[in-house]
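First comes the structure, then the notes that go with it.
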């Protein structure tokens with residue numbers, strides 16, 4: 001799930017690997033399936049990107065999930081955290097200066113810069129946009145630390161009640177990209193959500209649901225990215241984002257030239273990515289934690305022993321091998337590509353809670369479970385059986401489900417795998433209508449995600465046994481990165497004490513582009529920057 005730093009923000013980079021793409025033949029049964037592809041995108045003035053999902057909203061202040069290749073093109077985030085997520089750099093603002101003690105942030109605007117409507121992006125307009133964000137966004141709580149904001153000439157001063165390093169994670173995304181509030185009020189929330197007006201490098205043109213979004217270049221665009229050579233209008237005038245949920249189709253479109261760039265290269269196709277000189281693939285470690293979400297309010301998981309047995313039955317090394325090493329096993333709820341990952345805690349937890357099927361069986365037997373003639377555990381005439389929900393649109397999770405199902409069967413658990421759309425799983429999770437979910441969070445700052453599960457009042461907290469309100473609050477205001485990482489390590493230890501959440505892995509992700517695309521910049525965690533892109 002994608003929700004969706006201060007100076008010296010903690011980041012451990014993932015490895016990178018450059019690969020080539022071989023000719024793809026999709027064999028089903030005994031036949032070769034030829035998938036239809038769109039006419040080649042070979043227009044040197046139009047970039048076409050293929051992504052697996054489709055946005056639910058275009059207004060970043062109304063949406064739950066932002067898409068880098070969509071929202072970031074329409075809305076310019078005020079700042080960037082750099083290519084290694086450890087800096088505070090200006091992006092859609094002229095300057096961004098945090099106080100040394102992180103007690104305030106000064107955002108300076110160039111009054112000559114404009115929205116797509118032609119209105120000037122002044123400091124007042126930026127302040128108005130932030131006020132609307134706090135009013136409308138499902139993530140309005142991101143700005144709870146804001147005590148006061150005021151305009152001083154071309155600068156907006158954001159005074160914080162306490163140091164809040166996580167604020168910078170929000171400010172590098174289009175969630176905080178300024179919107180034209182005057183236009184939004186004139187159009188109404190629903191219409192603005194369909195035809196938004198921001199200050200990004202492209203203007204909205206057309207949205208054909210189920211197919212694509214078209215945008216045109218904003219010729220008056222300007223930004224301040226210091227690591228890009230081009231800070232003005234982009235080098236191509238037309239931009240299309242196509243929604244291609246089928247993995248094989250997305251890759252075939254790239255081969256045929258129907259798209260220039262694709263997200264989420266399917267991991268099962270990586271062995272084929274070594275021989276085509278016209279394709280380049282970039283690997284990065286995503287700021288993700290995949291985990292088992294166990295509902296402790298329903299039987300049999302109201303029994304700690306059953307939750308613990310499930311946790312010890314999972315073999316992460318077997319999962320890593322079965323998934324062709326496109327995951328990195330984790331035991332902490334803060335993955336290695338996230339801020340404030342604490343490696344000593346990770347090492348300790350990996351030793352204390354590693355795969356141990358003998359212990360899993362022992363825990364079940366001590367709790368009164370006995371093996372029946374079919375090899376499944378039973379108690380009071382009831383078999384130990386449950387449903388595990390899996391995201392039908394997430395290829396790694398789909399492939400991992402049967403592996404974990406087999407692992408749990410080894411300790412006598414009868415698991416039914418059920419694939420659902422992510423939106424349905426989210427609804428069921430919020431209602432508590434589930435037993436086990438193979439779930440994931442994707443966000444750089446752990447403080448921006450885990451309060452949903454681990455603090456009083458969180459949307460998913462009623463179904464999770466752990467409460468870590470004080471520790472999470474302390475981490476959220478801790479300016480020292482090393483100490484902040486230690487606190488999040490303590491939160492991970494508490495989670496393992498209750499075993500309602502079982503961390504599993506972080507994903508490697510793959511972005512591919514054709515050789516007609518040059519100048520693409522990609523950060524350590526996969527954020528694309530198209531400022532310098534040229535099409536040949």
*Hey, which of the helices (runs of 4 or more DSSP H) in the stretch 365-484, taking only ones fully inside, have at least 2 residues that are farther than 30 Å from residue 104 by Cα and either at pLDDT below 95 or out of contact with any strand residue (DSSP E or B) (no Cβ under 8 Å at 6 or more places or on another chain) (or both)?*
395-409, 422-431
*Tell me, yes or no, whether the stretch 488-498 has at least one residue that is out of contact with any helix residue (DSSP H, G or I) (no Cβ under 7 Å at 6 or more places or on another chain), modelled with pLDDT of 95 or more, surrounded by 23 or more Cβ atoms within 10 Å (Cβ to Cβ) and in a strand (DSSP E or B).*
no
*Sort through 94, 77 and tell me the only one that's within 22 Å of residue 229 (Cα to Cα) and in contact with a helix residue (DSSP H, G or I) (Cβ under 7 Å, 6 or more places away or on another chain).*
77
*Does residue 250 qualify as being in a helix (DSSP H, G or I) and within 25 Å of the chain's Cα centre (by Cα)?*
yes
*Any residue in the stretch 341-352 that is assigned to a loop (DSSP other than H, G, I, E, B) and either under 28 Å from the mean Cα position of the chain (by Cα) or at pLDDT below 95 (or both)?*
yes
_Breaking point among (1) surrounded by fewer than 20 Cβ atoms within 10 Å (Cβ to Cβ); (2) part of a loop (DSSP other than H, G, I, E, B), for residue 206_ = (2)
*Can you give me the number of residues within the stretch 124-166 that are buried (at least 16 other Cβ atoms within 10 Å of the Cβ), touching a strand residue (DSSP E or B) at 6+ places or on another chain (Cβ under 7 Å) and in a helix (DSSP H, G or I)?*
3
*How many residues are surrounded by fewer than 21 Cβ atoms within 10 Å (Cβ to Cβ) and either closer than 14 Å to residue 529 by Cα or touching a strand residue (DSSP E or B) at 6+ places or on another chain (Cβ under 9 Å) (or both) if we restrict to the stretch 246-257?*
3
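Among the residues of the stretch 276-302 satisfying the criterion of being touching a strand residue (DSSP E or B) at 6+ places or on another chain (Cβ under 9 Å) and not in a strand (DSSP E or B), which is surrounded by the most Cβ atoms within 10 Å (Cβ to Cβ)? Steps first, please.
Keep residues of the stretch 276-302 that are touching a strand residue (DSSP E or B) at 6+ places or on another chain (Cβ under 9 Å), which gives 278-295, 298-301.
Filter once more, so that each one left must be not in a strand (DSSP E or B): 278, 286-287, 295, 298-301.
Working: 278: 13, 286: 21, 287: 30, 295: 24, 298: 15, 299: 13, 300: 22, 301: 20.
Among residues in the stretch 276-302 that are touching a strand residue (DSSP E or B) at 6+ places or on another chain (Cβ under 9 Å) and not in a strand (DSSP E or B), the one surrounded by the most Cβ atoms within 10 Å (Cβ to Cβ) is 287.
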*Give just the number: which of (1) under 15 Å from the mean Cα position of the chain (by Cα); (2) surrounded by 24 or more Cβ atoms within 10 Å (Cβ to Cβ) does residue 64 not satisfy?*
(2)
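Could we say that residue 517 is surrounded by fewer than 21 Cβ atoms within 10 Å (Cβ to Cβ) and touching a strand residue (DSSP E or B) at 6+ places or on another chain (Cβ under 7 Å) here?
Values: surrounded by fewer than 21 Cβ atoms within 10 Å (Cβ to Cβ): yes; touching a strand residue (DSSP E or B) at 6+ places or on another chain (Cβ under 7 Å): yes.
Yes: the conditions hold for residue 517.
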*Within the stretch 250-260, can you find the residues that are over 30 Å from residue 321 (Cβ atoms) and out of contact with any helix residue (DSSP H, G or I) (no Cβ under 6 Å at 6 or more places or on another chain)?*
253, 256, 257, 258, 260
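The values are calculated or read from the model by the stated rules, or taken from the named source; none is laboratory data. Given the structure is predicted, the values throughout are model-derived calculations rather than measurements. Every residue, glycine as well, gets a Cβ built from its backbone with ideal geometry; the counts of neighbours run over all protein chains shown.
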